[in-house]
Amino acid sequence: MEEGGVNVIDLTQADESFVKELEGLGADELRECIQCGKCASTCPMALAGLEFFIKRIIHAANLGLRDILLEDSSVWGCQSCNRCVEVCPMDIKPYEVIQAVRRAAVKVESCPANTYEGLRNLYRFGHAVYPKGYEERRKKAGLPEKPPTAISNEELRKKFQEVLRNTILEEIAPFPLD
Amino acid sequence: MGLNQRRAAYIEYPQAVPKKAVIDEPNCLYFKSMKKTGKPACEICKKGIPPKGIQGCPADAIKFDDKDEYINLKVGAVIIATGFKPMSKVHFKEYSPHCPDVITSMEFERILSATGPTGGELKRPSDGTKPKTIAMISCVGSRDERYHRYCSKVCCMYMLKHARILKEKYPDIKLYLFFIDVRTAGKDFEEFYVYTRELGAKIIRGGRVSAVDVKPNGKLRVRGFDVDLCSPVEVDADLVVLATAIEPPDGVDELGRMFSATCGREGFLREVHTKLYPVETSARGVFIAGCVQGPKDIPESIAQSRAAAAATAALIIPGKIKFEAIVSEVDRDKCSSCGVCVPLCPYSAIRIEEYKGKEKAYIEPALCAGCGVCASACPSRAIKFNGFTTEQIMAQIDALTEA
């Protein structure tokens, strides 16, 4: 975005094929967005002051500004609350746009490092965020060491890993799928 | 529009009414040679070229001796519908108006038209190549204190129309539409806007373009602001289309004066009341329709012209006119014939005419609007303003002060 100290976005770099790619990745209503801003007024990302909040992401996506969107990590800050989807008057499903941008980013390995950690955790333990260091406290409270989820169910986890290996993860995972 | 050349005998445009050919006298070889040598150098349109088997006008409709003429008509009412004038691009130095690839929307309309100078083919005026990136700029001369404060109303929609035509015909063209904001009030207009977005036209809002610069490679760099991106933006375009303002036509102020119809501050003819008398002017029997009253689109112009036609019919068909009771009247025995009242009347209702062998003022009650200017100005107190005579006003004051 910044080039030679001048803060101008050059639309000449806009790429229509990126818009088409996003449409294919689930953001199929993207172009209908009229930038009314209803999503931005409810989005926790916007309220938290993230620079690229939902409305801005959709507009950049609509213009085909691939580099700007993929270089910025804002899409990964989405909390998936789906408030935007509930309020959007044009039925754009803004959350789907975020997901589409994420999918496009993953394809070219343009995501923040911690997303890969989350992905690895998801594959290994069945949770993107793996609760560690609570074993003792759980025991004290009379609970089993591990919660009764995928973490403590070896058989289910294996099945889940098998499912994941049949997805695009097989191609893009930057860690061994063993 | 200067986009291409036409012959000296032409039909103004295919939808012209009446669709008749005319001769461009200053450029016609017949007239040129007749002026110089007295002998005709060309009469092909009339006689054809018999040796080559080319026929002249089969209807024998060519009249070289035809002259412009004034036709006097006596009418009961007039509807003024002169239309508008699109603003020229020359005023906007920041948009490089000298560049042939910076054009107005009206010129672009011609380029897109199948009967236009390029036969409907999309070409840059400078080198005839097909533009790959087009930028359109709205509000050029509108919503601008330096030129016109008003919104020209139709630009947003015709920009979207142009975008739609382009995107349907050439889906690969990159199209950037710079708006201050997009105004799509009207039946089906918002749907049209969303459909145009779906076609892939890029809408940049809050983006009044600050500059269009010609780059050494012939591209036009357009600089604006994108409020949705929260960032200044720029784009290299091959063609820039300026949606210039709708202006009142030349001479409309003079025409208005001729009919005693007043112009508003922006130069359009003024209606008596925006809501209740939208086609009437301050002059009785003079009506307005279309863009001479203010910027408007085709459906609105048609609705207004039909309203004007109905108002005209209501006035003239009965064959009688009802006078207002509140009009001024001259007591001709008191009138000193000073003539002060005549130029003062905003409705041209007062004339001097002979009465008992002397020149006296006469107020035409059909024209008088009852404003009272003449009555207050008459030095001889010879004008009685019915409904507001001195006695009546004094009686009102007495009644009010009694309590």
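The values are calculated or read from the model by the stated rules, or taken from the named source; none is laboratory data. Since the structure is predicted, the reported quantities are computational estimates derived from the model, not experimental observations. Every residue, glycine among them, receives a Cβ derived from its backbone with ideal geometry; neighbour counts consider all protein chains shown.
At a glance:
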item: Residue check, B:Ile173 more than 9 Å from every other protein chain (Cβ to nearest Cβ), touching a residue at least 40 places away in the same chain (Cβ under 8 Å) and over 30 Å from B:Glu121 (Cβ atoms); result: no
item: Some residue of region A:57-79 being free of Cβ contacts under 8 Å to residues at least 12 places away in the same chain and outside the structural domain of A:Thr167 (by TED's automatic domain parsing); result: yes
item: Residue satisfying condition, being surrounded by fewer than 20 Cβ atoms within 10 Å (Cβ to Cβ), within 7 Å of chain A (Cβ to nearest Cβ) and not β-branched (Val, Ile, Thr), within set B:Ser231, B:Ser210; result: B:Ser231
item: Leading residue by the ranking (modelled with the highest pLDDT) among those in region A:4-19 that are over 9 Å from A:Arg66 (Cβ atoms) and more than 11 Å from every other protein chain (Cβ to nearest Cβ); result: A:Gly5
item: Complete set of residues in region B:356-403 that are loosely packed, with under 14 Cβ neighbours inside 10 Å and of a type in the set (Val, Ile, Thr); result: B:Thr389, B:Thr390, B:Ile393, B:Ile397, B:Thr401
item: Filter pass, B:Glu234 being within 18 Å of A:Asn62 (Cβ to Cβ) and either modelled with pLDDT of 95 or more or under 31 Å from the mean Cα position of the chain (by Cα) (or both); result: no
item: Verdict on A:Ala27 being away from chain B (no Cβ under 12 Å) and under 24 Å from B:Asp172 (Cα atoms); result: yes
item: Members of region B:307-357 found to be over 26 Å from B:Thr262 (Cβ atoms), touching a strand residue (DSSP E or B) at 6+ places or on another chain (Cβ under 8 Å) and in a loop (DSSP other than H, G, I, E, B), listed by number; result: B:Asp331, B:Arg332, B:Cys335, B:Ser337
item: Meets criteria (touching a residue at least 12 places away in the same chain (Cβ under 8 Å), buried (at least 18 other Cβ atoms within 10 Å of the Cβ) and either on the phi > 0 side of the Ramachandran plot or of a type outside the set (A, V, I, L, M) (or both)) for B:Ser88; result: no
item: Answer from A:Cys33, A:Cys84 - the residue that is modelled with pLDDT of 90 or more, under 17 Å from the mean Cα position of the chain (by Cα) and either within 14 Å of chain B (Cβ to nearest Cβ) or crowded, with 22+ Cβ neighbours inside 10 Å (or both); result: A:Cys84
item: Contacts under 9 angstrom Cβ, first residue in region B:301-320 being at pLDDT 95 or above, partner part of a helix (DSSP H, G or I), 6 or more apart; result: B:Ser301/B:Gly290; B:Ser301/B:Cys291; B:Ile302/B:Gly290; B:Gln304/B:Gly290; B:Ser305/B:Gly290; B:Ala308/B:Gly290
item: Conditions (1) among the acidic types (Asp, Glu); (2) exposed (fewer than 11 other Cβ atoms within 10 Å of the Cβ); (3) within 23 Å of A:Ala40 (Cα to Cα): number failed by A:Glu109; result: (3)
item: Condition met for B:Val233 (over 16 Å from A:Arg31 (Cβ atoms), outside any loop (DSSP other than H, G, I, E, B) and in the same structural domain as B:Gly267 (by TED's automatic domain parsing)); result: yes
item: Checklist (1) of a type in the set (A, V, I, L, M); (2) more than 30 Å from B:Leu177 (Cα to Cα); (3) in contact with a Cys (Cβ under 7 Å, 6 or more places away or on another chain) applied to A:Met90, failing item; result: (2)
item: Residue in region B:90-112 that is over 26 Å from B:Val214 (Cα atoms), charged (D, E, K, R) and outside any loop (DSSP other than H, G, I, E, B) present; result: no
item: Failed criterion for B:Ile204 (all others in (1) within 11 Å of chain A (Cβ to nearest Cβ); (2) β-branched (Val, Ile, Thr); (3) surrounded by fewer than 19 Cβ atoms within 10 Å (Cβ to Cβ) hold); result: (3)
item: The lone exception for B:Glu121 - which of (1) within 14 Å of chain A (Cβ to nearest Cβ); (2) without any contact (Cβ under 8 Å) to a residue 60 or more places away in the chain; (3) in a loop (DSSP other than H, G, I, E, B) it fails; result: (1)
item: Flag for A:Ile98 being assigned by TED's automatic domain parsing to the domain that holds A:Ile68 and of a type in the set (Val, Ile, Thr); result: yes
